[in-house]
Amino acid sequence: MNALAATNRNFKLASRLLGLDSKLEKSLLIPFREIKVECTIPKDDGTLASFVGFRVQHDNARGPMKGGIRYHPEVEPDEVNALAQLMTWKTAVANIPYGGAKGGIGCDPSKLSISELERLTRVFTQKIHDLIGIHTDVPAPDMGTGPQTMAWILDEYSKFHGYSPAVVTGKPIDLGGSLGRDAATGRGVMFATEALLNEHGKSISGQRFVIQGFGNVGSWAAKLISEQGGKIVAVSDITGAIKNKDGIDIESLLNYTKEHRGVKGFDGAHPIDANSILVEDCDILIPAALGGVINRENANEIKAKFIIEAANHPTDPDADEILSKKGVVILPDIYANSGGVTVSYFEWVQNIQGFMWEEEKVNDELKTYMNRGFKNMKEMCKTHSCDLRMGAFTLGVNRVARATVLRGWGA
Ligand SMILES: NC(=O)C1=CN([C@@H]2O[C@H](COP(=O)(O)OP(=O)(O)OC[C@H]3O[C@@H](n4cnc5c(N)ncnc54)[C@H](OP(=O)(O)O)[C@@H]3O)[C@@H](O)[C@H]2O)C=CC1
Ligand SMILES: O=C(O)CCC(=O)C(=O)O
């Protein structure tokens, strides 16, 4: 099932549990605006290269639309739509005053030079600058983008609208980025894992983790979980997968990946088949890369008892069903990875106030938001006798539905 069909299906299940009116359901499902733009740049060798960029603005009932921009060869309209919709429910689960959006460019950033990436980002920004803004739509990083990408968007946007640091989050600290944003999604994953394990009478210490993806989210989650005594027994990225059943030394691996392109070749672990990473023996599996990786092909082989969805929509509905029958507990993406957008919200607030918070305050506030989100999600599970995914979806959808009805349709 593709990402959009899977997301729509989860939304409709939640809508039925909430007893939403079918017309309201339809209005919540249709995106506010879908943008598709052509981005042509001169490459360093003088030839031209054309790319397609997308921004889907899903819903703004609760506030400005918010969500990352992804640079990846597999970026396509249905997936961007699904990711934008997930942002609407995610910001509502976190109870931050935003709606949802997502963007992306179909490109392989590893095959573009830094100056080509800059030109591509500036051309994309030129095409969408009238449709984003501090109180309309606030982009942030996602796969294949980072603080430098946000700095270029900010600079290009500011040429048209004046200097506006709050137009993007996940910026470099020197341009008004928030302390703690870089680590925030991984830190939120750690807090979410802690909350779930506590409920099961366990703690992170001594649990064996497998992590797919060692980029921003996966590497921070690995570092923070290992600092809490969790044992990271296997990790993977695009270069390959590695395993050490006694636990990988994450600080050494971080130093290694800074020098080399990825985890491949790290001598504190042995290489394993990258295709088997998700079915490796462990207590807790953290997918932190692409969507749809846990599906009907591999769900039966998964050994983990808990799955923490650091990536967006890593588990498709077929796998959800299989894993639920096996008794595997899944902490859903729209709660588990909400730490990133929560600290993006703190960054936006700091920019608007013109006041910078200490990192300790950012991390403490994040913990409060993650614990409150967990409690609210569990309350919905109890009210609707449902699993955690439906607990999160009913929580998010209900908040957006209430805001939509309160605002009315302006006929
Ligand atoms: N950044 C954020 O704040 C947030 C991100 N997310 C989600 O988390 C996930 C990861 O994002 P982020 O960490 O920012 O992205 P990054 O680009 O920083 O990292 C992605 C990681 O996934 C790896 N990867 C890519 N393809 C594969 C593959 N086929 N098998 C194994 N690993 C692979 C990459 O390897 P390599 O580097 O070698 O290419 C890299 O290690 C995405 O689903 C994103 O939507 C969710 C909430 C917030
Ligand atoms: O930080 C943000 O605004 C959005 C992060 C994001 O894209 C996500 O949560 O999937």
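A simple spin-label model places the labels of D108 and S385 5.1 nm from each other, with each point 7 Å out along Cα-to-Cβ.
So what is the relative contact order for the range 92-209, in percent, with contacts set as C-alpha pairs under 8 Å and at least six apart?
Details: 90 pairs, mean separation 21.0, N = 118.
After rounding, I find 18 percent.
Report, as a whole number in µm² per second, the diffusion coefficient that Stokes-Einstein gives for the range 1-75 at 10 °C and 1.306 mPa s using the Kirkwood radius over alpha carbon pairs.
Numbers: Rh = 15.4 Å.
Answer from the Stokes-Einstein relation: 103 µm²/s.
Shape descriptor for the range 183-335: Rg over Rh equals 0.93 (Cα atoms; Rh from the Kirkwood inverse mean 1/r). Per the Debye formula on identical point scatterers at the alpha carbon atoms of the range 110-236, with no solvent, log10 I(q)/I(0) at q = 0.14, 0.15 Å⁻¹ is -0.72, -0.78. Across all directions, the average flat footprint of the convex hull enclosing the Cα atoms of the range 293-344 is 3.4 nm².
Probe radius 1.4 Å, ligands and nucleic acids ignored: give me the carbon and sulfur share of the accessible area of the range 183-335 as a rounded percent.
On the way: 2790 of 6080 Å².
Answer for the range 183-335 is 46 percent, counting heavy atoms of protein chains only.
Net length available on complete extension from E259 to E74 is 63.9 nm, with 0.36 nm assigned per residue and the Cα-Cα distance removed. Extension gain for H135-F160 works out to 7.4 nm (0.36 nm per residue, less the C-alpha to C-alpha distance).
Got the relative contact order for the range 183-335 handy, in percent, Cα pairs under 8 Å and 6 or more residues apart? Please list the in-between numbers first.
Working: 313 pairs, mean separation 31.6, N = 153.
Computed value for the range 183-335: 21 percent relative contact order.
A 1.4 Å probe over all protein chains sorts M1, M190 by accessible area into M1, M190, starting with the largest.
The residues Y71, Y163, sorted by heavy-atom accessible surface at 1.4 Å with ligands and nucleic acids left out, run Y163, Y71 from largest to smallest. In the chain, Cα pairs under 8 Å separated by at least six residues give a relative contact order of 17 percent.
Taking all Cα-Cα distances within the range 256-387, those exceeding 18 Å account for 65%.
With +1 on each Lys and Arg Cβ and -1 on each Asp and Glu Cβ, and nothing else charged, work out how big the dipole of the range 1-79 is about its Cα centre, in Debye to the nearest 20. Numbers along the way, then the final one.
On the way: 12 positive and 11 negative charges, 104 e Å.
For the range 1-79, the charge dipole is close to 500 debye.
When the charge dipole of the chain is built from unit charges on Cβ atoms (+1 for Lys and Arg, -1 for Asp and Glu) and taken about the Cα centre, the candidate among G229, H58, T40 whose Cα reaches farthest toward its positive end is H58. Ranking G262, V293, I307 by how far each Cα lies toward the positive end of the dipole of the range 258-324 (charges on Cβ) leaves G262 at the top.
Each of I173, I96 has its accessible area taken with a 1.4 Å probe; listed largest first, they run I173, I96. Relative to the current alpha-carbon distance between Q228 and K326, full extension at 0.36 nm per residue lengthens the span by 32.5 nm.
With the whole protein complex present, L366 retains an accessible surface near 0 Å², based on a 1.4 Å probe.
Taking all protein chains together and rolling a 1.4 Å probe, E379 ends up with roughly 90 Å² accessible. Mean projected area of the convex hull spanned by the Cα atoms of the chain, taken over all viewing directions: 19.7 nm².
The values are calculated or read from the model by the stated rules, or taken from the named source; none is laboratory data. Remember, predicted model here, so these are calculated numbers, not experimental data. Note that we place each Cβ from the backbone using ideal geometry, even for glycine, and neighbour counts take in every protein chain shown. In case anyone asks, the SASA skips ligands and DNA or RNA and just uses the protein heavy atoms, side chains included. Shrake-Rupley method; radii C 1.70, N 1.55, O 1.52, S 1.80 Å.
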